[in-house]
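One structure below.
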Amino acid sequence: MKVIADSSSTRTEWALVDGTDIIASAVTTGLNPYFQTRREISHSIRLELPERFFRRRWDHIYFYGSGCANPQKNKIIESSIIAQFRTPVTVMSNLTGAARGLLVDREGLACILGTGSNSCHYNGKEIISTVRPLGFILGDEGSNAHLGKQLISNILKGLAPKEISEAFYSMFDTTPDAIMDDVYTQSFPSRSLAKYSFFLAEHISHHYAHDLVYNSFMAFFKRNISFYDYKHIPLSFVGSTATLYEPILRQAAADFGATIQKIAPTSMPGLIQYHARD
């Protein structure tokens with residue numbers, strides 16, 4: 001039996017599998033070696049995963065995660081997992097997880113739209129090209145973090161419509177100083193930005209919220225998808241943002257001239273199918 005984990009900066013989905021059969025599953029907080037130490041990651045795994053995941057030594061653990069495209073950072077995750085499971089582990093990027101989860105063994109453009117965003121061209125076996133996502137400060141267009149950043153920036157600068165600003169402060173019961181503190185002093189700023197983005201979903205019928213989401217998606221296509229042969233290769237998306245705003249995402253894709261083949265909330269079903277072949 002194997003353990004498969006798919007982690008963003010917000011949540012980690014775990015599955016204990018025997019072939020294609022799911023023996024146990026769980027969701028814990030996100031794990032990212034850029035924002036957490038080895039001890040913090042180990043602590044999170046041990047305290048948040050059900051005891052069933054630790055009952056024996058499994059055949060292998062496959063971990064796909066944000067911040068796991070750097071060999072040195074991968075070692076932080078790897079040592080944390082080995083310390084808890086005493087099981088061989090392979091650590092890969094969540095973009096590899098998205099490609100395998102969405103496409104398994106088919107060619108296509110695999111995209112992540114969740115807390116962050118990313119994209120790649122997958123040939124059915126491996127990623128052959130990608131565009132640097134640059135994180136929530138310099139990039140991550142189309143993600144919840146990008147949406148949250150645009151929203152609170154406009155609200156704090158007085159650029160959002162009055163009714164939107166009033167509804168925002170009522171929903172979160174917060175102040176400008178508290179927002180600044182939340183974004184700039186917390187250990188996971190992208191999580192802080194992302195949580196504010198869900199306000200947009202509550203007010204998506206308002207033209208301001210709709211246009212902000214649409215423009216963020218168009219920025220994702222222009223600054224990422226334009227570098228691929230997107231007119232001939234279909235796109236697939238995974239992540240909470242893609243599924244939450246699916247109609248607007250499909251509208252933006254059509255306006256950009258791209259074809260969306262699939263939108264999925266998580267990569268796990270495809271990853272289970274992929275690793276069942278091992």
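What to note about this one:
- Residue among T259, T243 that alone is within 18 Å of E202 (Cα to Cα) and surrounded by fewer than 20 Cβ atoms within 10 Å (Cβ to Cβ): T243
- Inter-residue pairs, beta-carbon under 7 Å, first over 21 Å from G239 (Cβ atoms) and free of Cβ contacts under 8 Å to residues at least 40 places away in the same chain and in segment 70-95, second part of a helix (DSSP H, G or I) and open to solvent by 40 Å² or more (accessible area, probe 1.4 Å), 6+ apart: V89/E78; V89/I82
- When we screen P161, P189 for residues that are over 20 Å from N144 (Cβ atoms) and open to solvent by less than 80 Å² (accessible area, probe 1.4 Å), the only hit is P161.
- Boolean, S119 is out of contact with any Phe, Trp or Tyr (no Cβ under 6 Å at 6 or more places or on another chain) and surrounded by 24 or more Cβ atoms within 10 Å (Cβ to Cβ): yes
- Positions within segment 122-157 being outside any loop (DSSP other than H, G, I, E, B), farther than 24 Å from R11 by Cβ and open to solvent by 20 Å² or more (accessible area, probe 1.4 Å), in sequence order: I128, S129, S153, N154, L156
- When the test is whether a residue is modelled with pLDDT of 95 or more, under 24 Å from E13 (Cβ atoms), crowded, with 22+ Cβ neighbours inside 10 Å and not basic (K, R), S236 passes it.
- Qualifying residue in segment 106-115 (condition: of a type in the set (V, I, T), under 17 Å from A219 (Cβ atoms), under 16 Å from the mean Cα position of the chain (by Cα) and at pLDDT 95 or above): yes
- Of all residues making up segment 13-31, the number that are farther than 18 Å from D278 by Cα, out of contact with any Asp or Glu (no Cβ under 8 Å at 6 or more places or on another chain) and open to solvent by 10 Å² or more (accessible area, probe 1.4 Å): 1
- Helices (runs of 4 or more DSSP H) (entirely within segment 206-278) containing at least 3 residues that are closer than 23 Å to K125 by Cα and in contact (Cβ under 8 Å) with a residue 24 or more places away in the chain: 268-275
- Residue in segment 208-222 that is within 20 Å of the chain's Cα centre (by Cα) and open to solvent by 60 Å² or more (accessible area, probe 1.4 Å) present: yes
- Only one of the numbered conditions (1) part of a helix (DSSP H, G or I); (2) under 30 Å from P234 (Cα atoms); (3) of a type outside the set (G, A, S) is violated by I22, and that is (1).
Every residue, every condition in (1) within 24 Å of Q186 (Cβ to Cβ); (2) in a loop (DSSP other than H, G, I, E, B); (3) open to solvent by less than 70 Å² (accessible area, probe 1.4 Å); (4) not β-branched (V, I, T), yes or no:
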site	(1), (2), (3), (4)
V3	no, no, yes, no
S44	yes, no, yes, yes
S80	yes, no, yes, yes
M92	no, no, yes, yes
R100	no, no, yes, yes
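The values are calculated or read from the model by the stated rules, or taken from the named source; none is laboratory data. Treat the numbers as computed from the prediction; the structure is a model and nothing was measured. Cβ atoms come from the backbone with ideal geometry, glycine included; neighbour counts cover every protein chain shown. These accessible areas exclude ligands, DNA and RNA; they are computed on the full protein's heavy atoms, side chains included. Shrake-Rupley method; radii C 1.70, N 1.55, O 1.52, S 1.80 Å.
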